[in-house]
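The values are calculated or read from the model by the stated rules, or taken from the named source; none is laboratory data. Not measured: the values here are computed from a predicted model. Methodologically, a virtual Cβ is constructed for each residue, glycine included, from the backbone with ideal geometry; neighbour enumeration extends over all protein chains shown.
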C-alpha cells in the first residue's frame, strides 16, 4: 500500500518557480500495475523519484506500507530503497566493469548478504532471466534487451514490493521491448507493484491503471 | 596551426578544466618551489657559515706548532709540540719577504674580576697588528698600543659582551680589571663581531702577548697569524715562512702553516654537496609532478577522443594533435614553474627580512635547472599520451573509441 | 556491506583503468621510496656515528679545564688554574672510579733509527686500554708507574709502528719522541679514523713525560671511567664536588659520555626526521595527484554513484567506497616504494657494507602509515563530493 498525500515539489529554474508536483494525492494498492504518462515537464519523473525515495517532497506525506517516509533519515531511506524498491532505467545503468552476474549481485553485496547466500539467489535469477550463459559477460558484450533484463534482475533480486520503471523500452527495438514488457508484467502477476513511466502510448495502455499528468497535477486517473 | 592559435586553443582547454589545471599547477609549483627554496636555504646557510669562519681575510696564513704526516686529517690544533714556537720565531717572520705583518697569539682562560663581579673569559695575548689582521672594530678607546713584543704592559681591550657583563652601563675605559693576580687597565672596547673558529670575539679580552706569557706562565705561542702582502704571494710566502722556521728549528719542519681557504674549502665542499643534495631531494617532487601530468594527459586524451576525431576530420594532422597535447602540458609546467618561483622567492625574501645576516638566495643554476627540469619532465611524460592521441584513427575516434 | 565485498568493489574499480591507477600509485611510490631512502641514510649515519663515538665505552666522564669556553677548545687553551696530575690522582680515590686517564695531546716527530714520522703524541697512562678500549696487538700497555716518576716507555699506534718498523718487531726498541728516548713496550691494534684523527698514527707516552716535553703544567683533559655500581649523573656530581673542593670553585667542565651520546643521538634523530620530511615534499605532490585523479574518477562515475544510491547505498557507504579507493591507491604506491627501496638498500648493504645505510622498520612503518594518511586526506574531498551527489542529477549523467 502506497499513499501520497498532498505532495508538492517546486524547482527553481533560473528565477522561475516550477511546480513539478502540485498537491498530488495518490493511493496505490499492493500488486497494482500503473502507467504514468504525460508531456515532458509534467512531473512524471519527479513523481517517480519521490516514489523511489530519491527525492524529498517539499510538502505532504508519503506512506510506504504504513511508514511515513518523509521523516526518515538518509540511511533509513537508503535501506527502504534497498529492501522495498527496485528501479529500471531507460539507459539500464549497468556498471560497465562488472559482469552480468556481478551487476545482479550488487544489491545483495550492498546489503551485506554473505557470499554463500548470494550465489543460489543470483543463479536462480540468471536462470529465470535466461541469462545463465551470459553470466560472465560484461555489459558491452550484451545486447540491449539482455542488458535491460540484467537491470531488471538487479532491480528485483532483493524482492522489492515496488518496481519503478522509467521508459524501460525506450532504448530497445520492438522485439526486445516486447520481451522486457512481458517480463515486467509477469513479475506484476507474481505480486509486485509495477509503475511504468513512459511516453509510449501502447505501453501505457497495457497498464491496469493509467495516470496522466499535466503541469505537476494528476489530470486523469482511470482504468 | 599558428602558434598563437595553438596557445589560445590550449588556454581554452585549461580554462575549461579549471580544477584539474589548478591541481597540475599546484603540483608543479610545489616541485619548483621545493628545489628553489631548499637550494636557497642551503646557499644561505653556506654563506652564513663561511662568513662566520672567514673573518681573517684572504691574505692570512695561520701557523701552529707541530706537524703531522697523516694526510687529509686535522691539523695539529692543540698547539702543543716538543719545540715551542717562540716570540723570537714570530719576530723573525716579520722579515720574511712577502710578509706584511705578523701577530703572535696565546689564548687562555682566566677568571677576571671587577668590583664584586667575577667572570671566566678567554684571554688572547697578542700585538697591535692582530687588530688589523682580524679587522677588529674598536667602539671606544683604542686598540693595543704598538710596543716591543717582549714588553709586558698592564692594558686590555675588552669584547662587547665582556664589557656588558662586567661593567653594565658604566664606562669601562680606564677601569682596572683583575685577572689571575694581575691587574689590567681597560683602554678599549671592541664592537660586536661574530663567532669565528670557536672563538667568540665578543667574549674575549685582548692583552699584550708578553703579559699573557706571564699570566699563563707560558713561553710558546698557540698560533701565529701572518698577513701576506698580496693573495698571489700567499703560496710562495707560505713556503718561505716554513723555510725560515726550519732554519730556526735545527732543520726540522715542526710547524704547520695553513691558509684560511684550505680550511674553508672542506667546509665549502660539504656545504655545496648538501645544497645539491637538498635540491635533488626537492627535484624528486618534480618527477612526481611529471607522472601526474602524464596521468592527466592520458585522461584528457581519453575524454577528448571524439574531439580528436573531429579535429582530424576537419583536417588536423597527427603533428597538430601532438602539438596540442604537448603544448597543453608545457603550458601547465611553465605556469606551475612561475607560480613555484613566486612562492619560493617570496619565502626567501621573508627569510632575508627575518634573518638579515643570512643571504637566503636561490643560486642561478638551481633556478634554471628547476624550470628546465619542470618543462622537460612535463614534455617527457606527456609525450606518450600525446602520441597516442596523435595516432588515433579518425573514424574510431569520432565514435569515442580509443 | 561485508569487508571482502568492499575490497572487491574497490579492487575492480582500481583495475578497471590500470594505467591510470599505476601512475597514480607511482607518484606515491616515488615519494615513499625517497622517504625510505633518506631515512635509511639518516639512520645509517646515525648508527655509524654512534658506534664511532661509543667505541671508547660509555662509562666515561671527561673533565676539561675552563667553564664557559665552548667547542671543546677548553683543553687546548692555557689557564691560570689548570687541571693537574694531583687532580687526576685525587679523582682516582673517589668511590666507583675504575680508571683515571690524564691527557695531554700534541704533535711532533717520532724517530726510530733512520726512520722518522711526524705524528700525534698523546700523554696518558696505563689505563688507556681499559678506558678507551684500545686493544693491544703486541706487548703491554704503559706501566703503572707512580705519578710523576714514570719511566720512558711508549706504546705505538698500528700505522706508526708500520711506518717506523715495517714488519720488524718493535718491542724493546728505542724511539725518540721530540728528542727524548722512549722504549717501545706495546703496539695497538688497528682502530681507524675518527673525526679527522687517525687513531693509528699516534704514540702514547706517560703523561708527565708529555707535559715536560710540551713544557706545559696543565692537563688538557681527565677521563674518568666508572664502575657499573653507580650512574653517570651521580659520578659526574661526585667528580664535580671533589674538584670544586680542590679548586675552590667550578673552573672546569664535566661532560659525561652518555650525556654526549644522548645529545648526539637526539640531533641525528632530528636530522633523520628532517631529511625524511624533505623527501615527503614529493608525497605532497603525490597527494595532489590522488586528489586530481580521484576527483576525475568521481566525475566519470557520476552515473554509477546515482545507480548505487538508487540501489539503496547510503551516503556513508559511497563515501567509504571512494575513500578506500584513494587509500588503496596510496597504499599500493607506499608498498611498492618500500619494496623497491627496501630491496635496493638490502642489496647495497650486501654489495657495499661500508655505506652507512640502515633500513629502519620504524621509519618504514611511518612512511607506510603516511601513505595511508595521504590517501585518506587526498581522498576525502572527492569521496565527500561523491557521497553528497544528488542522485537524480547523477542518474541523468549518462
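Of the residues in the stretch A:50-104, how many are assigned to a helix (DSSP H, G or I), buried (at least 23 other Cβ atoms within 10 Å of the Cβ) and facing chain C (nearest Cβ under 9 Å)?
Counting residues in the stretch A:50-104 that are assigned to a helix (DSSP H, G or I), buried (at least 23 other Cβ atoms within 10 Å of the Cβ) and facing chain C (nearest Cβ under 9 Å) gives 2.
Restricting the stretch C:276-289 to residues that are over 16 Å from residue B:28 (Cβ atoms) and more than 7 Å from chain B (Cβ to nearest Cβ), which is surrounded by the most Cβ atoms within 10 Å (Cβ to Cβ)? First the steps, then the outcome.
Within the stretch C:276-289, the subset over 16 Å from residue B:28 (Cβ atoms) is C:276-280.
Subsequent filtering for residues that are more than 7 Å from chain B (Cβ to nearest Cβ) retains C:276-277, C:280.
Working: C:276: 24, C:277: 14, C:280: 21.
Looking at the filtered set, the residue picked out is C:276.
Counting just the residues of the stretch A:27-45 that are in contact with a helix residue (DSSP H, G or I) (Cβ under 8 Å, 6 or more places away or on another chain) and in a strand (DSSP E or B), which one comes out farthest from residue A:63 (Cα to Cα)?
Only one residue fits best here, namely A:37.
Tell me which of these residue C:127 doesn't satisfy, since it passes every other one: (1) more than 30 Å from the chain's Cα centre (by Cα); (2) closer than 23 Å to residue C:225 by Cα.
Among (1) more than 30 Å from the chain's Cα centre (by Cα); (2) closer than 23 Å to residue C:225 by Cα, the lone unmet condition for residue C:127 is (1).
Select from the stretch C:160-184 the residues that are assigned to a loop (DSSP other than H, G, I, E, B), crowded, with 21+ Cβ neighbours inside 10 Å and modelled with pLDDT of 90 or more and list them in ascending order. Can you show your working first?
Of the residues in the stretch C:160-184, the ones assigned to a loop (DSSP other than H, G, I, E, B) are C:166-173, C:178-179.
Keeping just the survivors that are crowded, with 21+ Cβ neighbours inside 10 Å gives C:170, C:178.
Residue satisfying the conditions is C:170 alone.
Checking residue A:116 against (1) more than 8 Å from chain C (Cβ to nearest Cβ); (2) at pLDDT below 90; (3) more than 19 Å from the chain's Cα centre (by Cα): exactly one of these is not met. Which one?
Checking residue A:116 against (1) more than 8 Å from chain C (Cβ to nearest Cβ); (2) at pLDDT below 90; (3) more than 19 Å from the chain's Cα centre (by Cα), the one that fails is (2).
Are any residues in the stretch C:303-337 within 11 Å of chain A (Cβ to nearest Cβ), in a helix (DSSP H, G or I) and out of contact with any strand residue (DSSP E or B) (no Cβ under 7 Å at 6 or more places or on another chain), and if so, which ones? Even if it seems obvious, please write down each step before you answer.
Step one: list which residues in the stretch C:303-337 are within 11 Å of chain A (Cβ to nearest Cβ), which gives C:303-318, C:321.
Cutting the leftovers down to in a helix (DSSP H, G or I) gives us C:303-310, C:315-318, C:321.
Those that are within 11 Å of chain A (Cβ to nearest Cβ), in a helix (DSSP H, G or I) and out of contact with any strand residue (DSSP E or B) (no Cβ under 7 Å at 6 or more places or on another chain): C:303, C:304, C:305, C:306, C:307, C:308, C:309, C:315, C:316, C:317, C:318, C:321.
One line per residue, one yes/no per condition, for (1) within 14 Å of chain B (Cβ to nearest Cβ); (2) assigned to a strand (DSSP E or B); (3) closer than 17 Å to residue C:104 by Cβ:
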position	(1), (2), (3)
C:205	yes, yes, yes
C:210	yes, no, yes
C:222	no, yes, yes
C:236	no, no, no
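With the requirement that a residue be more than 14 Å from every other protein chain (Cβ to nearest Cβ) and in contact with a helix residue (DSSP H, G or I) (Cβ under 7 Å, 6 or more places away or on another chain), what does the stretch B:119-138 give you?
Restricting attention to the stretch B:119-138, the residues satisfying the condition of being more than 14 Å from every other protein chain (Cβ to nearest Cβ) are B:127-138.
Residue satisfying the conditions is B:127 alone.
May I ask you to list the residues in the stretch C:105-131 that are surrounded by fewer than 16 Cβ atoms within 10 Å (Cβ to Cβ) and away from every other protein chain (no Cβ under 14 Å)?
At the first step, the residues of the stretch C:105-131 found to be surrounded by fewer than 16 Cβ atoms within 10 Å (Cβ to Cβ) are C:113-115, C:130.
Of everything in the stretch C:105-131, those that are surrounded by fewer than 16 Cβ atoms within 10 Å (Cβ to Cβ) and away from every other protein chain (no Cβ under 14 Å) turn out to be C:113, C:114, C:130.
Take residue C:34 and tell me if it is part of a helix (DSSP H, G or I) and within 7 Å of another protein chain (Cβ to nearest Cβ). Outline the logic, then answer.
Working: part of a helix (DSSP H, G or I): yes; within 7 Å of another protein chain (Cβ to nearest Cβ): yes.
Yes, satisfied.
Those residues that are within 8 Å of chain C (Cβ to nearest Cβ) and touching a helix residue (DSSP H, G or I) at 6+ places or on another chain (Cβ under 6 Å), I need them from the stretch B:80-118; list them, please.
Narrowing the stretch B:80-118 to residues within 8 Å of chain C (Cβ to nearest Cβ): B:80-84, B:106-111.
Hits for the stretch B:80-118 are B:82, B:106, B:108.
Of B:311, B:298, B:287, which residue is assigned to a helix (DSSP H, G or I), more than 30 Å from residue B:39 (Cα to Cα) and within 14 Å of chain C (Cβ to nearest Cβ)?
On the way: B:311 fails: within 14 Å of chain C (Cβ to nearest Cβ); B:287 fails: more than 30 Å from residue B:39 (Cα to Cα).
Matching residue, one of B:311, B:298, B:287: B:298.
Out of the residues in the stretch C:1-12 that are touching a helix residue (DSSP H, G or I) at 6+ places or on another chain (Cβ under 7 Å) and more than 8 Å from chain A (Cβ to nearest Cβ), state the one that is nearest to residue B:388 (Cα to Cα). Show your work before the answer.
Step one: list which residues in the stretch C:1-12 are touching a helix residue (DSSP H, G or I) at 6+ places or on another chain (Cβ under 7 Å), which gives C:1, C:5-6, C:9-10.
Pick out the ones that are also more than 8 Å from chain A (Cβ to nearest Cβ) and you get C:6, C:10.
Details: C:6: 34, C:10: 28 Å.
The residue in question is C:10.
Which of the residues belonging to the stretch B:204-254 are free of Cβ contacts under 8 Å to residues at least 40 places away in the same chain and in a helix (DSSP H, G or I)? Step through it out loud before you land on a result.
Taking the stretch B:204-254 as the starting set, the residues that turn out to be free of Cβ contacts under 8 Å to residues at least 40 places away in the same chain are B:217, B:232, B:235, B:239, B:242-243, B:246-247, B:250-251.
Listed by number, the residues that qualify are B:232, B:235, B:239, B:242, B:243, B:246, B:247.
Which of the residues that make up the stretch C:132-144 are loosely packed, with under 15 Cβ neighbours inside 10 Å, assigned to a loop (DSSP other than H, G, I, E, B) and touching a residue at least 24 places away in the same chain (Cβ under 8 Å)?
C:133, C:135, C:140, C:143, listed by residue number.
Taking residue C:374 and the conditions (1) assigned to a helix (DSSP H, G or I); (2) buried (at least 24 other Cβ atoms within 10 Å of the Cβ); (3) within 14 Å of chain A (Cβ to nearest Cβ), which numbered condition does it fall short on, given that it satisfies the others?
(3)
Just to be sure before I move on: is residue B:262 more than 9 Å from chain C (Cβ to nearest Cβ) and either surrounded by fewer than 22 Cβ atoms within 10 Å (Cβ to Cβ) or touching a residue at least 60 places away in the same chain (Cβ under 8 Å) (or both) in the structure I sent? Talk me through it step by step, then tell me what you get.
On the way: more than 9 Å from chain C (Cβ to nearest Cβ): yes; either surrounded by fewer than 22 Cβ atoms within 10 Å (Cβ to Cβ) or touching a residue at least 60 places away in the same chain (Cβ under 8 Å) (or both): yes.
Answer is yes for this residue.
Could you please tell me which pairs satisfy a Cβ distance under 8 Å, a separation of 6+ or placement on different chains, a first residue in the stretch C:244-273 that is part of a strand (DSSP E or B), and a second residue that is surrounded by fewer than 13 Cβ atoms within 10 Å (Cβ to Cβ)?
Going by the 8 Å Cβ cut-off, the qualifying pairs are C:256/C:233.
Does at least one position in the stretch C:13-22 carry a residue that is more than 14 Å from chain A (Cβ to nearest Cβ), surrounded by fewer than 24 Cβ atoms within 10 Å (Cβ to Cβ) and on the phi < 0 side of the Ramachandran plot?
Among the residues of the stretch C:13-22, at least one is more than 14 Å from chain A (Cβ to nearest Cβ), surrounded by fewer than 24 Cβ atoms within 10 Å (Cβ to Cβ) and on the phi < 0 side of the Ramachandran plot, which makes the answer yes.
Please determine whether any residue of the stretch C:98-113 is farther than 30 Å from residue C:224 by Cα and in a strand (DSSP E or B).
Residues of the stretch C:98-113 farther than 30 Å from residue C:224 by Cα: C:111-113.
Those left that are additionally in a strand (DSSP E or B): C:111-112.
Among the residues of the stretch C:98-113, at least one is farther than 30 Å from residue C:224 by Cα and in a strand (DSSP E or B), which makes the answer yes.
Only one of these is farther than 30 Å from residue A:155 by Cα, in contact with a helix residue (DSSP H, G or I) (Cβ under 6 Å, 6 or more places away or on another chain) and in contact (Cβ under 8 Å) with a residue 40 or more places away in the chain: C:318, C:374. Name it. Explain how you work it out, then say what you get.
Details: C:318 fails: farther than 30 Å from residue A:155 by Cα.
Selected residue: C:374, the only one of C:318, C:374 that is farther than 30 Å from residue A:155 by Cα, in contact with a helix residue (DSSP H, G or I) (Cβ under 6 Å, 6 or more places away or on another chain) and in contact (Cβ under 8 Å) with a residue 40 or more places away in the chain.
Could you tell me whether any residue of the stretch C:185-193 is facing another protein chain (nearest Cβ under 10 Å) and either crowded, with 17+ Cβ neighbours inside 10 Å or in contact with a strand residue (DSSP E or B) (Cβ under 6 Å, 6 or more places away or on another chain) (or both)?
Initial filter on the stretch C:185-193 (facing another protein chain (nearest Cβ under 10 Å)): C:193.
With either crowded, with 17+ Cβ neighbours inside 10 Å or in contact with a strand residue (DSSP E or B) (Cβ under 6 Å, 6 or more places away or on another chain) (or both) added as a condition, the list becomes none.
Looking for residues that are facing another protein chain (nearest Cβ under 10 Å) and either crowded, with 17+ Cβ neighbours inside 10 Å or in contact with a strand residue (DSSP E or B) (Cβ under 6 Å, 6 or more places away or on another chain) (or both), one finds none in the stretch C:185-193, hence no.
Taking the condition surrounded by 19 or more Cβ atoms within 10 Å (Cβ to Cβ), part of a helix (DSSP H, G or I) and more than 10 Å from chain B (Cβ to nearest Cβ), does residue C:46 pass?
Working: surrounded by 19 or more Cβ atoms within 10 Å (Cβ to Cβ): yes; part of a helix (DSSP H, G or I): yes; more than 10 Å from chain B (Cβ to nearest Cβ): yes.
Considered against the rule, which asks whether it is surrounded by 19 or more Cβ atoms within 10 Å (Cβ to Cβ), part of a helix (DSSP H, G or I) and more than 10 Å from chain B (Cβ to nearest Cβ), residue C:46 comes out as yes.
Would you list the strands (runs of 3 or more DSSP E) that sit entirely within the stretch B:62-162 and hold 2 or more residues that are buried (at least 19 other Cβ atoms within 10 Å of the Cβ)?
Values: elements: B:99-114, B:117-126, B:138-141, B:155-158.
By residue number, B:99-114, B:117-126, B:155-158.
Looking only at the stretch B:163-185, filter to residues that are buried (at least 19 other Cβ atoms within 10 Å of the Cβ) and farther than 23 Å from residue B:218 by Cα; which one of those is nearest to the chain's Cα centre (by Cα)?
Only one residue fits best here, namely B:163.
So which pairs qualify, if the first residue must be in the stretch B:21-32 and more than 7 Å from chain C (Cβ to nearest Cβ), the second must be part of a helix (DSSP H, G or I) and surrounded by fewer than 24 Cβ atoms within 10 Å (Cβ to Cβ), the Cβ gap must be under 6 Å, and the two must be at least 6 apart or on different chains?
B:21/B:14; B:25/B:335; B:25/B:339; B:29/B:339
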